[in-house]
Amino acid sequence: MRGILLSLFVIAFIGVLTPVNYILPIVIMLFLVISLMIIKFPDNYGYFVLIISSISLQYIIHVSLGPLDMASIYKLLLLLMIVMAIFRLGYNISFVYLPIIFFIILLNSIIFSKLPINLSYIDIMKAFIGLVTPWGLLLIRWPRYTWKTIINLICLLPIISASVGGVLTLLGVYQFYSYEYTGVMRFQGSNIPAHLAMLAYIAFVVALIEGKRSHKRYYILALTNFLILLLTGTRGPLIATILPISVYFLDNIKAFLSGKIKYLMSLMIFLGVLITMFILEKDKLLARSKSDGGTVLNLSGRDEAWQFFLDKAHDSSLFGKGIGSILLANDGSIFGGFVVPHNEYIRFYYETGYVGSILLLGTFIFTFWLIYRELDKKIRLYYISFVIGTLIYSFSDNTFSTVQYTVPFCWYLSVMYSASIKRPISN
């Protein structure tokens, strides 16, 4: 609880002081204080690190410490918390292969990749830490007393983002909505719309799983997060929700057919609210999905960007151009907003080639399978839909390289595994 109160205080503090010129020394001071707290209490102040993932700091606080922007500073805090939590809480030996595989991929980038001349080793390490650090959460053996708080926080992250965005809007620091080139207004809270959509998608599916596993009140959170997802106007995660919603539908139909009539009522209410919200927002989604008078599917420039990055990766297809190199790829030939291709598979291919992509995706799938083996049978289908939904979502956005997705995603997988294994905790 102390960690949560501290984090909310710091969020408000940052919001008030952001416009002030002396924000840099304040950021340094906060970084040092929080680091010391995390070193001593990685469990309690780990909650703070999780809550901060609900805010896209780099868009609100425009300061840097040398080569580190606010997103990089956050990742360092996360890494510090993970290391200290492993020492104090114990570790899951099942996932020790993760740092080994990631180190091999790093060596591939340094030794074999066709590195651009303007890509420094600092750039490589920054990108590497950003990619792999959230997966370090799986190494932590979370004690029982942390499970419920972590799960609740993950379900509340979009609501926290929306609340902080409202406060920042009142203070004149940031806007909790934005208008895109189509004229559509998109809700963004204290993020950008795509990042808030990531938080909302994860929170929605986690709430569905927890509604099945523990308490029906999570379904209220699921509906709230689905509404936030709709308000962002982001299409990729909405497509990804089809699978978990289908599992929920089939699960309740199965329960009804076995004689549990109350499940039919719950299903009708839940789906009725979902459909109503979707109908109310469908015009916004259609406006974002059509161009040229409604005759052409609008991919927001992704088709052009994907082809651009694939063409540039052609001469280094085996080992790639190095982790972090994709940030230097756009030479102005395509829209400047495409610093990355908004497709994780193309990103992996560009940076690590066939070798690194196979290693990365193989590692992810093996990790998902290890967790699946330990789960209660009643939530396995929900889990599978979550994983497949994530893989689908990754075709249209930067899921595995964005804090707002990987941190809550990996944190939840870690807690699921810790809560499911039968072996005692070892330090």
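The values are calculated or read from the model by the stated rules, or taken from the named source; none is laboratory data. Remember, predicted model here, so these are calculated numbers, not experimental data. Cβ placement follows ideal geometry from the backbone for every residue including glycine, while neighbour counts extend to all protein chains displayed.
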*Among the candidates Met277, Met265, Met198, residue that is over 23 Å from the mean Cα position of the chain (by Cα) and in contact (Cβ under 8 Å) with a residue 40 or more places away in the chain*: Met277
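In the range 59-90, which residues are aromatic (Phe, Trp, Tyr) and surrounded by fewer than 16 Cβ atoms within 10 Å (Cβ to Cβ)? Explain how you work it out, then say what you get.
Residues of the range 59-90 that are aromatic (Phe, Trp, Tyr), as a first pass: 59, 74, 87.
Listed by number, the residues that qualify are Tyr59, Phe87.
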*How many residues does the range 26-52 hold that are in a helix (DSSP H, G or I) and either touching a Ser or Thr at 6+ places or on another chain (Cβ under 6 Å) or modelled with pLDDT of 80 or more (or both)?*
7
*Residues that are closer than 26 Å to Tyr350 by Cβ and among the aromatic types (Phe, Trp, Tyr): which helices (runs of 4 or more DSSP H) entirely in the range 53-145 hold 2 or more of them?*
97-107, 121-132
*Could you list, in sequence order, all residues of the range 373-426 that are surrounded by fewer than 22 Cβ atoms within 10 Å (Cβ to Cβ), touching a helix residue (DSSP H, G or I) at 6+ places or on another chain (Cβ under 6 Å) and among the acidic types (Asp, Glu)?*
Glu374
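Have a look at Ile122, Ile105, Ile129 and point out the one that is in the same structural domain as Phe400 (by TED's automatic domain parsing), out of contact with any Cys (no Cβ under 9 Å at 6 or more places or on another chain), exposed (fewer than 15 other Cβ atoms within 10 Å of the Cβ) and β-branched (Val, Ile, Thr).
Working: Ile105 fails: exposed (fewer than 15 other Cβ atoms within 10 Å of the Cβ); Ile129 fails: exposed (fewer than 15 other Cβ atoms within 10 Å of the Cβ).
Exactly one residue qualifies, and that residue is Ile122.
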_If the requirement is being farther than 22 Å from Pro99 by Cβ and part of a helix (DSSP H, G or I), which of these qualifies: Tyr383, Tyr372?_
Tyr383
*Can you name the residue in the range 324-345 that is touching a Leu at 6+ places or on another chain (Cβ under 7 Å) and surrounded by 23 or more Cβ atoms within 10 Å (Cβ to Cβ) and, of all such residues, is nearest to Leu98 (Cα to Cα)?*
Gly324
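Given the residues Tyr174, Tyr181, which is the only one that is surrounded by fewer than 19 Cβ atoms within 10 Å (Cβ to Cβ) and not in a helix (DSSP H, G or I)?
On the way: Tyr174 fails: surrounded by fewer than 19 Cβ atoms within 10 Å (Cβ to Cβ).
Of the residues listed, the single one that is surrounded by fewer than 19 Cβ atoms within 10 Å (Cβ to Cβ) and not in a helix (DSSP H, G or I) is Tyr181.
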_Give all pairs with beta carbons closer than 6 Å in which a residue from the range 58-83 that is closer than 18 Å to Gly324 by Cβ meets a residue that is among the charged types (D, E, K, R) and not in a helix (DSSP H, G or I); count only pairs at least 6 apart in sequence or on separate chains._
Gln58/Asp69
*Say we look at the range 314-349 and pick out the residues that are touching a residue at least 40 places away in the same chain (Cβ under 8 Å), in a helix (DSSP H, G or I) and over 21 Å from the mean Cα position of the chain (by Cα); which of these is farthest from Trp135 (Cα to Cα)?*
Asp315
